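Reading through the structure tokens given below for one structure.
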Amino acid sequence: MKGKSMRILSGIQPSGVLHIGNYFGMMRPAIALQAEGEAFYFIADYHALTSVRDPKALRENIRRVALDFLACGLDPERAALFRQSDVPQVTELAWILSTIAPMGLLERSHSYKDKLARGMPPSVGLFSYPVLMAADILIYDSDVVPVGKDQKQHIEITRDLVVKINETFGQSEPDGQIFKLPEPRIQAATEVVPGIDGQKMSKSYGNNIDIFGDEKEMRKRVMSIVTDSTPVEAPKDASRSTIFQLYSLVASKSEIAGMRERFQKGGTGYGNFKKELFEKLWEYFTPMRERREEILADKSYIDNVLARGAKRANEIADQVMTRVRKRVGLR
Ligand code: ADP
Ligand code: TRP
């Protein structure tokens with residue numbers, strides 16, 4: 001991107017404890033991008049209301065997501081970290097977008113269909129979830145959105161809505177557009193981090209390994225990774241093993257090559273590989289665990305970061321909403 005700095009945006013729902021799928025799929029890429037432009041990362045508490053019904057739990061989760069994200073390396077000097085609900089204008093933009101969003105587009109949402117299949121009641125909020133997400137992205141004129149693969153369709157819906165709103169209201173603009181098209185940024189190597197059952201890791205599938213679980217818990221989760229029944233002495237297929245895939249995320253190149261070789265050779269049981277994986281995982285997150293303790297020791301740190309982030313986010317959102325209200329005829 002020439003001239004203007006690239007604007008990067010992503011969000012994460014405070015609907016539970018963050019796991020290593022969230023870390024490698026979204027948080028690590030987002031943290032890496034904070035040095036490359038102007039970054040906005042938020043805690044999607046409005047979105048979490050579609051599934052969390054316990055106000056106390058929601059409040060606690062919001063702080064915990066902020067804490068964990070900061071502990072993992074989000075630098076509040078570079079990236080604005082804020083609560084989605086501290087920018088309530090986003091719900092106004094979501095309403096405006098909903099008036100042009102075709103029902104059929106939202107009816108095709110995989111995420112909506114999956115949620116219904118898991119027994120969630122089909123509320124209007126759950127249905128229009130992608131419209132609020134589009135508003136999140138567009139209200140900061142975002143260029144790039146780092147997410148895991150499961151969010152790709154949501155970004156495509158956002159892009160469809162951009163085309164539609166530009167067609168409907170963009171004619172009076174010099175370049176014919178109210179919004180530019182945002183791009184998803186999905187890391188191929190970590191687009192789907194597997195959980196302990198080999199399916200996509202997700203808090204809703206109960207197959208997660210949490211980033212900041214205690215030692216006993218993390219070891220237990222790793223030791224319960226599901227494996228096939230290949231005997232100890234037989235060669236094993238590394239590329240199809242969850243243990244190996246997770247190990248590849250945290251070990252060095254030579255360690256990864258070493259484990260691959262021992263899979264192929266046979267003679268090592270899955271139990272041993274799991275122990276090695278646990279050791280590496282624990283080691284990988286140790287500096288972040290330490291940083292997390294430091295942040296916790298400073299009682300006002302998180303509130304200050306969130307307040308500063310909200311201020312910055314509101315500045316941009318106000319500018320964009322002034323433009324949008326004018327274009328659609330509200331002011
Ligand atoms: P969950 O599925 O546990 O509810 P979220 O939907 O809250 O997770 O995801 C938050 C972010 O983390 C999204 O960008 C999502 O794509 C990413 N993410 C979640 N699980 C994984 C995974 N197993 N692999 C890669 N990315 C993931
Ligand atoms: N739907 C995303 C998730 O569950 C969270 C989210 C909300 C988001 N708004 C966003 C992500 C805008 C990227 C951009 O993970």
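The values are calculated or read from the model by the stated rules, or taken from the named source; none is laboratory data. All values derive from a computational prediction rather than experimental measurement. Every residue, glycine as well, gets a Cβ built from its backbone with ideal geometry; the counts of neighbours run over all protein chains shown. All accessible areas refer to the heavy atoms of the entire protein, side chains included, with ligands and DNA or RNA removed. Shrake-Rupley method; radii C 1.70, N 1.55, O 1.52, S 1.80 Å.
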Q.
more than 29 Å from Asp160 (Cα to Cα) and of a type in the set (A, V, I, L, M): which single residue out of Ile43, Ile20, Ile96, Ile12 fits that description?
A. Ile20
Q) Pick from Gly37, Gly16: which is more than 10 Å from ligand 2 (Cβ to nearest atom), out of contact with any Leu (no Cβ under 9 Å at 6 or more places or on another chain), under 18 Å from Val193 (Cα atoms) and open to solvent by 10 Å² or more (accessible area, probe 1.4 Å)? A) Gly16
Q. Going by the conditions given, is Arg221 at pLDDT 95 or above, open to solvent by 40 Å² or more (accessible area, probe 1.4 Å) and either within 27 Å of Phe40 (Cα to Cα) or within 16 Å of ligand 2 (Cβ to nearest atom) (or both)?
A. no
(Q) Among the residues in the stretch 69-86, are any surrounded by 13 or more Cβ atoms within 10 Å (Cβ to Cβ), under 20 Å from Ser142 (Cα atoms) and over 20 Å from the mean Cα position of the chain (by Cα)? (A) no
Q | Complete set of residues in the stretch 88-104 that are among the small types (Gly, Ala, Ser) and surrounded by 13 or more Cβ atoms within 10 Å (Cβ to Cβ) | A | Ala94, Ser98, Ala101
(Q) Can you report the number of residues in the stretch 155-200 which are farther than 29 Å from Ile225 by Cβ, buried (at least 18 other Cβ atoms within 10 Å of the Cβ) and of a type in the set (S, T, N, Q)? (A) 2
Q | Residues (open to solvent by 40 Å² or more (accessible area, probe 1.4 Å), under 14 Å from Ala238 (Cα atoms) and of a type in the set (D, E, K, R)) located in the stretch 248-275 | A | Glu255, Arg260, Glu261, Arg262, Lys265
Q: At least 2 residues that are more than 30 Å from Gly37 (Cα to Cα) and hydrophobic (A, V, I, L, M, F, W, C) in each: list the helices (runs of 4 or more DSSP H) lying fully within the stretch 62-136 that qualify.
A: 103-107, 110-117, 124-127
